[in-house]
Amino acid sequence: MSEKNVEVVRRAIEAYGQEGLDGVLRYYDAEIEWTSTGGYIERGTYRGHDGLRRYLGTMEEEFEDLRIEPVELIDAGEQVVSSVRFTGQGKASGAPVEMTLISVGALRDGLIYRVRNYPDMAAALEAAGLLEQAAEGSHVVARSLKPEAAWGAIQLGFAEILDLRTGIERRRHGAPPGARQVSLAKHIVSPEGPGAIYLCQHAIRSKATLRRGAAEVAGGFAAWKEAGLPVEEIA
């Protein structure tokens, strides 16, 4: 069910980008409750489809040539943590605008019924329950390896790629040869130690696992592909 939830959120994002407000509403429960934490859109809670129209309509009033794309969609069971990039131009100023909206959406019966915005990914992951079980006193140690260095360690037999992405992401984008798919929730609580190199699409999820000597691929799989390293298709 959780992968289906991720796909619902992905389709909602795509529908908004392609069809606007009319297209996106079919993915939201009629009693949707969306809480904004401020920033680009006025702080408050917007309820129902009319509230959602007001919330999203604010951006359409302020910006033109608005484009939207998912950066990260993270499976959290009945919830999905999303990082979504908006780009466009200010209607008044003509200046280019880029912003990233980080949210946690809750789903039931294939529809999004609650969304909360958060100031950063760490706060969103904690709200979704992906950090709350971490051992008390543990901390994240940022140890990022360039994709070429990670691939070199793998070829020498010193390390293994642990892929935090969903099956949908792996099938859509491919994966480093031999990369083993693992659960984000499990590996935040109990990451593997030296020799484990964590990978996600853009090196956002992987930062939550960098403890006990584990490492990450800097820039994630996007950087891996950009470096021209081997990629295998996932059936």
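The values are calculated or read from the model by the stated rules, or taken from the named source; none is laboratory data. The model shown is predicted, which means the values in this text are computed figures rather than measured ones. Please note: Cβ atoms are built from the backbone with ideal geometry, for glycine as well, and neighbour counts cover all protein chains shown. These area figures cover heavy atoms from the full protein model, side chains too; ligands, DNA and RNA do not enter into them. Shrake-Rupley method; radii C 1.70, N 1.55, O 1.52, S 1.80 Å.
Looking at (1) touching a residue at least 40 places away in the same chain (Cβ under 8 Å); (2) open to solvent by 20 Å² or more (accessible area, probe 1.4 Å), which is the only condition GLU216 fails?
Only one criterion is unmet by GLU216, namely (2).
Of the residues that sit in the range 181-199 and are open to solvent by 30 Å² or more (accessible area, probe 1.4 Å) and part of a helix (DSSP H, G or I), which one is modelled with the lowest pLDDT?
Within the range 181-199, the match that is modelled with the lowest pLDDT is VAL189.
Among the residues of the range 50-68, is there at least one that is over 15 Å from ASN117 (Cβ atoms), hydroxyl-bearing (Ser, Thr, Tyr) and without any contact (Cβ under 8 Å) to a residue 60 or more places away in the chain?
For the range 50-68, residues over 15 Å from ASN117 (Cβ atoms), hydroxyl-bearing (Ser, Thr, Tyr) and without any contact (Cβ under 8 Å) to a residue 60 or more places away in the chain: absent.
Being at pLDDT below 90, touching a strand residue (DSSP E or B) at 6+ places or on another chain (Cβ under 6 Å) and surrounded by 15 or more Cβ atoms within 10 Å (Cβ to Cβ), is that true of even one residue in the range 152-173?
yes
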